[in-house]
Amino acid sequence: MFKVLKKEGSARRGVFTCAHGVVQTPVFMNVGTQGAIKGAVSAHDLKEIGCQVELSNTYHLHLRPGDEVVRQMGGLHKFMDWDGPMLTDSGGFQVFSLSGLRKIKEEGVTFASHIDGRRIFMGPEESMRIQSNLGSDIAMAFDECVENPSPYEYVKASCERTARWLERCIAEHDRLNSLSDTVNPQQQLFGINQGGTYTDLRVWHMDEIAKLSCDGYAIGGLAVGEPTQVMYDIIDAVEPHMPADKPRYLMGVGTPSNIIEGVARGIDFFDCVMPARNARHGKLYTWKGTINIKNEKYKLDSRPIDSTCECPACRSFSRAYLRHLLIAGEMLAMRLAVLHNLHFYNELMARIREHLDNGTFEQFRTQYSGLLDRPAQEA
């Protein structure tokens with residue numbers, strides 16, 4: 001399922017195999033929350049911009065159209081016409097974000113729908129059943145994502161409960177995969193490390209869940225308000241305790257610099273809504289740094305967003321045109337901007353893999369880690 005081909009320091013160049021294809025790692029997963037990328041980007045577009053793995057949201061798809069609807073339509077791959085690898089998150093982070101509308105118990109979490117307020121219960125078994133109905137290649141274990149910072153004793157109890165929930169997830173996942181009518185009987189399950197910003201709890205929890213037979217392991221509960229260096233310190237502490245023969249996923253991260261630094265610390269999988277969200281507001285990534293395309297200085301700028309980029313926007317349109325579309329509120333603006341940013345992220349990963357192949361990742365890291373997050377210094 002996963003093989004490390006080469007290492008440079010802690011950075012890993014690998015290959016991951018699942019029911020719907022082979023993934024070259026490190027990889028950035030493009031986030032299609034409700035079965036589509038926000039900004040009018042389809043599964044077909046993802047192919048053109050180099051996406052390897054599409055990620056969708058268990059919580060949102062459970063609410064609408066309903067995971068049973070998706071199952072009856074043949075699973076999410078068929079429903080959205082995406083034939084590549086797919087990951088679904090567990091719903092745990094969305095429950096975390098509904099902190100004022102939830103009640104956590106050992107059985108699971110009761111919360112109010114953000115759509116109509118109806119009461120919903122989700123526990124480990126429910127999360128596994130929803131993700132089985134969706135038919136993703138990778139299902140994520142149901143966990144609790146705590147706020148940073150949170151009291152030590154609460155985080156400790158949460159870690160212990162999340163470890164118990166993982167055992168229940170594994171049992172239900174195995175049962176579902178054994179059924180004759182399961183959408184994707186080869187679905188894999190990743191466990192999630194939690195522990196807030198407490199290094200000892202992070203290490204303890206990773207040691208505990210590493211004893212269980214997961215197909216991969218994620219570090220969750222970071223990039224939710226803690227300083228960036230704290231996030232890096234947590235990864236440094238947890239990574240030596242993660243099984244070396246399993247893929248490692250840093251959930252919800254992040255900026256181009258975060259990704260480069262995550263790779264340097266041994267991470268294989270990344271995802272984040274940031275590139276698409278920033279694009280919809282006019283913040284675009286280039287190999288010289290970020291630009292805000294809505295700025296007045298681009299009003300008569302005939303250049304593409306990035307002269308080295310081969311995305312659909314850069315191949316055909318000027319900065320001036322894209323600025324006009326954004327200022328005018330045209331939907332095409334969001335589509336072109338999102339296509340550009342996601343293409344940039346996928347190209348970033350391709351370049352990282354190339355440098356790992358060539359043994360030059362550290363030089364790439366030195367050149368770009370800080371540069372890509374800063375505003376571009378251009379004439």
Could you check, for the stretch 1-9, whether at least one of its residues is buried (at least 23 other Cβ atoms within 10 Å of the Cβ), on the phi < 0 side of the Ramachandran plot and aromatic (F, W, Y)?
no
It is to be established whether one or more residues within the stretch 350-365 are of a type in the set (S, T, Y) and not in a helix (DSSP H, G or I).
yes
Total residues in the stretch 264-306, condition β-branched (V, I, T) and not in a loop (DSSP other than H, G, I, E, B):
3
Considering only residues of the stretch 196-231 that are of a type outside the set (A, V, I, L, M, F, W, C) and part of a helix (DSSP H, G or I), which is surrounded by the most Cβ atoms within 10 Å (Cβ to Cβ)?
H205
Inside the stretch 19-129, counting only helices (runs of 4 or more DSSP H) that do not spill past its ends, which hold 2 or more residues that are among the hydrophobic types (A, V, I, L, M, F, W, C) and at pLDDT 95 or above?
43-48, 67-72, 76-80
Just wondering, is there one or more residues in the stretch 131-138 that are over 18 Å from A223 (Cα atoms), of a type in the set (G, A, S) and not in a helix (DSSP H, G or I)?
yes
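The values are calculated or read from the model by the stated rules, or taken from the named source; none is laboratory data. All of these numbers come straight from a predicted model, not from anything done at the bench. No Cβ is skipped: glycine too gets one built from the backbone with ideal geometry, and neighbour counts run over all protein chains shown.
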